[in-house]
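The values are calculated or read from the model by the stated rules, or taken from the named source; none is laboratory data. Everything numeric here is computed off the predicted structure, so don't read it as measured data. FYI the Cβ positions are ideal-geometry reconstructions off the backbone, even for glycines, and counts take in every protein chain you see. With ligands, DNA and RNA removed, areas are computed over all heavy atoms of the protein, side chains included. Shrake-Rupley method; radii C 1.70, N 1.55, O 1.52, S 1.80 Å.
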Amino acid sequence: MSNSEEAATHWLPEKYSLSTQTAVVTGGAKGIGGAIVRELMALGCRVVVWDQDVSAVTTVPGKLDAVAVDVTNQDAIEAAEARTTSLIGTPDILVNNAGIQGPTVPLQDYERSAWDRVIAVNLTAVYAVSRIFVPGMKRRKSGRIINIASVAGIRGLTDGSAYGASKAGVIGFSIGLSKELVGDGITVNCVAPALIDTDLKLQMSDDFIQKAADRVPMKRLGKAEEVAATVAWIATPACSFTTGAVFDVAGGRLGL
């Protein structure tokens with residue numbers, strides 16, 4: 001965080017400040033995750049990035065740390081949790097952002113190994129990482145869990161059945177968990193973006209990207225910063241009476 005950003009946090013109304021908060025962001029090294037990390041830090045939050053490759057993360061003592069972890073591996077998750085706890089204790093905020101697109105092909109061409117990988121990263125990891133931090137949040141009687149879903153989890157995705165299924169699972173998981181934890185001072189919400197302009201596009205054909213943009217009423221791809229701003233607001237004390245919600249960052253796509 002720059003000196004100007006740090007100074008700005010002192011002028012934030014308390015309900016919009018995260019100056020006393022800590023967070024873990026999975027898949028936080030770049031893309032949407034990187035934008036979320038920057039937004040949380042701008043509000044004063046101390047962040048620990050979890051990512052398989054943390055080489056792009058420039059750590060800042062006492063502000064930003066990075067832990068290399070494969071979120072599909074239970075042993076790796078447990079080791080990362082131990083390292084994270086030594087740095088910040090149980091995080092106040094957990095953002096389950098790690099995800100992959102997977103192939104964009106018809107079902108008959110979708111290999112089982114590719115299906116399993118998409119479900120493992122996009123859905124099972126959300127369960128596994130949440131499960132490891134929820135007990136500490138329950139003991140503390142507070143917490144924010146924010147899961148990155150997708151408009152594809154509601155509208156489906158042609159030639160992307162695994163991705164759509166995984167994100168529908170994230171939405172169902174989030175709503176169910178919100179009901180489970182509502183009496184523990186923990187909110188659980190998810191964000192459903194349309195296609196966002198990040199390196200994830202490299203996994204898609206130009207035709208697939210154009211069709212995705214054409215389906216959005218605003219006729220453009222979303223920006224990572226637009227998703228990050230929504231996530232940051234959900235994380236603040238200002239969002240205190242909302243749980244089990246699906247936040248639309250889809251350029252009008254969810255409404256049609």
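Does residue 47 count as more than 20 Å from residue 235 (Cα to Cα) and surrounded by 21 or more Cβ atoms within 10 Å (Cβ to Cβ)?
The answer is no for residue 47.
If I filter the range 66-84 for residues that are touching a Pro at 6+ places or on another chain (Cβ under 8 Å) and at pLDDT 95 or above, do I get at least one hit?
For the range 66-84, residues touching a Pro at 6+ places or on another chain (Cβ under 8 Å) and at pLDDT 95 or above: present.
Starting from the range 15-26, keep only residues that are under 11 Å from residue 94 (Cβ atoms), then list their pairs with residues that are of a type in the set (Gly, Ala, Ser) whose Cβ atoms are within a distance under 6 Å, requiring at least 6 positions of separation or different chains.
Cβ pairs passing all conditions: 25/33; 26/98.
Considering (1) more than 19 Å from residue 215 (Cβ to Cβ); (2) touching a Gly at 6+ places or on another chain (Cβ under 8 Å), say which one residue 167 fails and leave the rest.
(1)
Would you confirm whether or not the range 50-57 contains a residue that is within 19 Å of residue 148 (Cβ to Cβ), β-branched (Val, Ile, Thr), open to solvent by 30 Å² or more (accessible area, probe 1.4 Å) and in contact with a strand residue (DSSP E or B) (Cβ under 9 Å, 6 or more places away or on another chain)?
Within the range 50-57 (the criterion being within 19 Å of residue 148 (Cβ to Cβ), β-branched (Val, Ile, Thr), open to solvent by 30 Å² or more (accessible area, probe 1.4 Å) and in contact with a strand residue (DSSP E or B) (Cβ under 9 Å, 6 or more places away or on another chain)), the answer is yes, since at least one residue qualifies.
What's the total number of residues in the range 59-76 that are closer than 15 Å to residue 46 by Cβ and of a type in the set (Ser, Thr, Tyr)?
Within the range 59-76, residues that are closer than 15 Å to residue 46 by Cβ and of a type in the set (Ser, Thr, Tyr) number 1.
Within the range 213-224, take every residue that is touching a Leu at 6+ places or on another chain (Cβ under 8 Å) and closer than 23 Å to residue 27 by Cα and give me the one that is surrounded by the most Cβ atoms within 10 Å (Cβ to Cβ). Before the answer, list the steps.
Filtering the range 213-224 for residues touching a Leu at 6+ places or on another chain (Cβ under 8 Å) gives 213, 216-217, 221-222.
Next, from what is left, pick out any that are closer than 23 Å to residue 27 by Cα: 221-222.
Details: 221: 17, 222: 22.
Within the range 213-224, the match that is surrounded by the most Cβ atoms within 10 Å (Cβ to Cβ) is 222.
Yes or no, residue by residue, for (1) assigned to a helix (DSSP H, G or I); (2) open to solvent by less than 20 Å² (accessible area, probe 1.4 Å); (3) not polar (S, T, N, Q):
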| position | (1), (2), (3) |
| --- | --- |
| 150 | no, yes, no |
| 178 | yes, yes, no |
| 183 | yes, no, yes |
| 188 | no, yes, yes |
| 226 | yes, no, yes |
| 229 | yes, no, yes |
| 233 | yes, no, yes |
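What's the number of the only condition in (1) in contact (Cβ under 8 Å) with a residue 24 or more places away in the chain; (2) under 24 Å from residue 102 (Cβ atoms) that residue 168 fails to meet?
It fails just one condition, (1).
Counting just the residues of the range 15-36 that are touching a strand residue (DSSP E or B) at 6+ places or on another chain (Cβ under 7 Å) and open to solvent by 10 Å² or more (accessible area, probe 1.4 Å), which one comes out nearest to residue 122 (Cα to Cα)?
Filtering the range 15-36 for residues that are touching a strand residue (DSSP E or B) at 6+ places or on another chain (Cβ under 7 Å) and open to solvent by 10 Å² or more (accessible area, probe 1.4 Å), the one nearest to residue 122 (Cα to Cα) comes out as 27.
Please work out if residue 141 is on the phi > 0 side of the Ramachandran plot and at pLDDT 95 or above.
yes
Any residue in the range 70-92 that is closer than 21 Å to residue 124 by Cβ and aromatic (Phe, Trp, Tyr) sitting within a Cβ distance under 7 Å of a residue that is surrounded by 20 or more Cβ atoms within 10 Å (Cβ to Cβ) and at pLDDT 95 or above? List the pairs, counting only those 6 or more apart or interchain.
none
Any residue at all in the range 67-87 that is surrounded by fewer than 23 Cβ atoms within 10 Å (Cβ to Cβ), of a type outside the set (A, V, I, L, M, F, W, C) and on the phi > 0 side of the Ramachandran plot?
no
When you scan the range 1-29, how many residues do you find that are at pLDDT 95 or above and of a type in the set (D, E, K, R)?
Summing the residues that are at pLDDT 95 or above and of a type in the set (D, E, K, R) in the range 1-29 gives 0.
Checking residue 156 against (1) without any contact (Cβ under 8 Å) to a residue 40 or more places away in the chain; (2) surrounded by 17 or more Cβ atoms within 10 Å (Cβ to Cβ); (3) more than 13 Å from the chain's Cα centre (by Cα), which test does it fail?
Condition (2) is where residue 156 drops out.
Mind listing just one residue for me: the one in the range 102-137 that is of a type in the set (A, V, I, L, M), open to solvent by 40 Å² or more (accessible area, probe 1.4 Å) and farther than 19 Å from residue 178 by Cβ and, of those, farthest from the chain's Cα centre (by Cα)?
The extreme case among them is 107.
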